[in-house]
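See structure below.
Please treat every number below as a calculation from the coordinates, not as lab data. Nothing here was measured: the structure is a model prediction, and the numbers come from that model. Cβ sites come from the backbone with ideal geometry, for glycine too, and all protein chains shown count toward neighbours.
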Amino acid sequence: MYVIDNNYCSACGLCIDICPVEAINIFGEYKIDQNICIGCGLCKEDCPCNAIKEYVQTA
Ligand code: SF4
Ligand code: SF4
């Protein structure tokens with residue numbers, strides 16, 4: 001799963017524009033809706049602040 005670390009996010013908005021399924025929303029801070037995200041990784045690739053991390057679910 002992909003998660004935005006808001007300690008690094010500069011709120012540039014690029015990830016919202018690039019997400020093909022509009023999974024990223026702003027609720028006070030930038031957040032990925034895990035129910036919508038298809039895990040394409042485009043947002044992580046293009047984030048200029050390296051704010052988006054990929055976590056592998058183990059359980
Ligand atoms: S692309 Fe990165 S820095 Fe820009 S709004 Fe998204 S998470 Fe934040
Ligand atoms: S991984 Fe892909 S689908 Fe998920 S939030 Fe990022 S750009 Fe959107």
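Odds and ends about this structure:
- Between Val56 and Leu42, the distance separating the two model label sites (each 7 Å from Cα on the Cα→Cβ line) works out to 2.5 nm.
- Estimated [θ] at 222 nm from DSSP helical runs (n ≥ 4, -39500 (n - 2.57)) normalised by residues in the chain, nearest 500: -3500 deg cm²/dmol
- Difference of contour (0.36 nm per residue) and Cα-Cα distance, Asn7 to Glu29: 6.9 nm
- Translational diffusion of the range 2-54, µm² s⁻¹ [Kirkwood Rh, Cα pairs; Stokes-Einstein; 37 °C; 0.692 mPa s]: 307
- Taking 4.7 Å between C-beta atoms as the pairing limit, the chain has these partnerless cysteines: Cys9, Cys12, Cys19, Cys37, Cys40, Cys47, Cys49.
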